[in-house]
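Just so it is clear, none of the values below were taken in a lab; they were calculated from the coordinates. Just so you know, these numbers come straight off a predicted model, no measurement behind them. We place every Cβ from the backbone using ideal geometry, glycine too, and count neighbours over all the protein chains shown.
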Amino acid sequence: MLIAELLIFYSCIIDVEGIYTYKYLIPLQVQNKQKYMPRWNNAKVIDVQDWTKEHRRIFLEVDPNIDLAFVPGQFITFDLPIGEKRLERWRSYSIANQLENNIIELCIVKVPNGRASKYLFEHINIGEELVFKGPSGTFILPQDHSLNLVLICTGTGVAPFRSMINHIFSTQIPFPKIDLIFGTKYKKSILYKEEFDALCSIHDNFNYHVALSREPYLGYQGYVHELYEKLPTIENTLYMLCGWQYMIDEAVQNLTQNQGIDRSKVVYELYG
Ligand SMILES: Cc1cc2nc3c(=O)[nH]c(=O)nc-3n(C[C@H](O)[C@H](O)[C@H](O)COP(=O)(O)OP(=O)(O)OC[C@H]3O[C@@H](n4cnc5c(N)ncnc54)[C@H](O)[C@@H]3O)c2cc1C
């Protein structure tokens, strides 16, 4: 095995905050970028758009001279003025766009009694500067482009997939089949629906499935689980999941135990 391959398999990174971490199976491309990740930068709020009372898009502008070294699927971490201790103040949010011109798009849900989301809904104004580090994270597209992708998410868990999907089609990555399965409660909170419908009508290899738990949609009402369970299980498929624990736990169990998918073919980004 070449030294470079060994480095991909077992590699240590000591970042500038002294955190010593082993990265397993993370492409060198991402590792190299992450060595510089913990630097804090400022981002200016340039637009805020509300879909519903609980879902909003926030657009941030970062100095174009800063190389953000973004890989679709990654997130940024804010240091928000909402607490004394570091862990009380830090919150991560997936980047929902391809980060063109250092404009970051976030897609945020307001959590009942949530301190960070309350701040991001009630206390930020256009022109305000927020402090963040990143992008970082290893929830990114596989390097093997012969894989089929099943992308499963609930609510704002769609954010990293929007970034990945736009990247796939704008750079023509030849994944044979991509299924996006999105779950939410109501029609009004189907995020980015028009965009995904449009991509579906252009690309034969892209399918978009929506599950609404609180009202019927296209003759169906229920959870994401019933939708991916209905897909034919095809060899050579990677299942990528994003959202909160209740959905991820159930999906990992269903896929690996009920559907017999190898655990190595199921990866996820856990929001909390
Ligand atoms: C890598 C990563 C990426 C993330 N990306 C996004 C993103 O793109 N968009 C986004 O909206 N969030 C995202 N999150 C979640 C985000 O970081 C915060 O956890 C979330 O905004 C809640 O923070 P809070 O301070 O408002 O709530 P907290 O004060 O931390 O929590 C309040 C309570 O609500 C519970 N809770 C938190 N979130 C939910 C939820 N959605 N539903 C039900 N209960 C909940 C908590 O368990 C806690 O009991 C991401 C998290 C991670 C780790």
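Structure summary
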item	result
The chain pair-distance distribution - Cα-Cα, 10 Å bins, rounded %	6, 28, 36, 24, 6, 0
Likely footprinting exposure, Arg263, Arg56, fewest C-beta neighbours within 10 Å first	Arg263, Arg56
Segment 129-195 versus segment 48-101: alpha-carbon centroid distance in Å	16
Cα pair distances of segment 148-270 binned at 5 Å [whole percent]	2, 11, 23, 25, 22, 13, 4, 0
For Ile202, Ile234, Ile165, order by how many other beta-carbon atoms lie within 10 Å, fewest first	Ile202, Ile234, Ile165
Relative exposure of Thr77, Thr256, Thr156, judged by other C-beta atoms within 10 Å (fewest first)	Thr256, Thr77, Thr156
Where labels lie 7 Å past Cα in the beta-carbon direction, separation of Arg263 and Lys177 in nm	2.6
Most positive-pole-ward Cα, Gln259, Pro216, Phe70, against dipole of the chain from beta carbon charges	Pro216
The chain - percent relative contact order, Cα under 8 Å, separation 6 or more	15
Which listed pairs, of Lys110/Lys133; Lys53/Lys193; Lys187/Lys230; Lys53/Lys188; Lys44/Lys133; Lys188/Lys230, have C-alpha distances above 19 Å, in listed order	Lys110/Lys133; Lys187/Lys230; Lys188/Lys230
Modelled FRET efficiency - R0 25 Å, Tyr186 with Asn254, Cβ distances, 0.05 increments	0.55
